[in-house]
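Taking it in order: structure first as structure tokens, then the write-up.
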Amino acid sequence: MDERLVQFDDKMGKSYDNLVEELTSIRAGRANPHILDKIRVDYYGTPTGLQQIANVNVPEPRMIQIQPWEASMVKEIEKAILTSDLGINPNNDGKVIRLVFPELTEERRKELAKDVKKKGEASKVAIRNIRRDANDTFKKLGKSSDISEDEIKQLEDEAQKMTDKYIAMIDKAVEEKTKEVLTV
């Protein structure tokens, strides 16, 4: 790959990775410990990721169990979950916190599927903007240096191929997540 394309490939890759991360945080009726990835708990004055201060597991398909390594952290973890936008009330028995996920209604599933598609479209727009930036950069390069029109055309074609590749990956990720969300 041409070194002039590498930076744009990196940006497209980051856009795709960001979408995948966002999609894992959408809950589809089943308990997925990744929805807790963004939750930060006040651990002795330091915002710390939940997985770093507790054992997180899924004992049942619709339940996440959080067992802090220090019993004193139960209240802090519970507070962090309540202030997050998860929309789930934690159950706490003093040692373990349980998050029970309600069964999703058909209407909610359709809303989530629309949300997944929106996120996918936003990622595609980001990828296309990166392609546009790449093409603008190549055109400026053509004006300022002794690069041929054929080389510029070649770079633009490569940028288009990269764009097509990432858009196909986004479509696949969106399709898989939509299928997961709509499955009862």
Discussion item. Here is the link list: Lys117/Lys161; Lys11/Lys165; Lys11/Lys114. Which ones come out longer than 19 Å on Cα distance?
Written reply: Lys117/Lys161; Lys11/Lys114
Worksheet item: Over the chain, what is the relative contact order in whole percent, taking alpha-carbon pairs under 8 Å and six or more residues apart?
Response: 25 percent
Response to the item:
What helix-only [θ] at 222 nm does the chain give? Using -39500 (n - 2.57) per DSSP H run of at least 4, over all residues, to the nearest 500, the answer is -20500 deg cm²/dmol
Practice prompt. May I ask you to list the aspartates and glutamates whose Cα is less than 13 Å away from that of Lys95, ignoring any residue fewer than eight positions away on the same chain?
Written response: Glu70, Glu76, Glu78
Response to the item:
From highest to lowest solvent-accessible area (probe 1.4 Å; ligands, DNA and RNA excluded), Thr178, Thr83 read Thr83, Thr178
Worksheet item: What are the ³J(HN,Hα) values, in whole Hz, obtained from phi via the Karplus relation 6.51 cos²θ - 1.76 cosθ + 1.60 with θ = phi - 60°, for each residue of segment 55-66 in sequence order, with x given for Gly and Pro?
Response: 8, 10, 9, 10, x, 9, x, 10, 9, 10, 10, 10
Discussion item. With θ taken as phi - 60° and the coefficients 6.51, -1.76 and 1.60, list the Karplus ³J(HN,Hα) couplings across segment 2-15 in order, rounded to whole Hz; mark glycine and proline as x.
Written reply: 4, 5, 6, 9, 4, 4, 6, 5, 4, 5, 5, x, 5, 4
Worksheet item: For Ala54, which sequence-distant residues (separation of 5 or more, or a different chain) have an amide H within less than 5 Å of its own amide H, given hydrogens modelled in the peptide plane?
Response: Trp69
Worksheet item: Given charges of +1 on the Cβ of Lys and Arg and -1 on the Cβ of Asp and Glu, with all other atoms neutral, how large is the dipole of the chain about its Cα centre, in debye to the nearest 20?
Response: 600 debye
Fill in: Gaussian network model of the chain, springs between alpha carbon atoms under 10 Å - residue of Leu104, Leu141, Leu50 with greatest fluctuation
Leu141
Worksheet item: Can you give the convex hull volume of the alpha carbon atoms of segment 1-84 per residue, in Å³?
Response: 139 Å³
Fill in: Over segment 101-184, volume per residue of the alpha carbon convex hull, in Å³
74 Å³
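The values are calculated or read from the model by the stated rules, or taken from the named source; none is laboratory data. Everything numeric in this text was worked out from a predicted model, so none of it was measured. Positions of Cβ are backbone-derived with ideal geometry, glycine not excepted, and every protein chain shown enters the neighbour counts. Quick note on the areas: whole protein, heavy atoms, side chains included, nothing else; ligands and nucleic acids left out. Shrake-Rupley method; radii C 1.70, N 1.55, O 1.52, S 1.80 Å.
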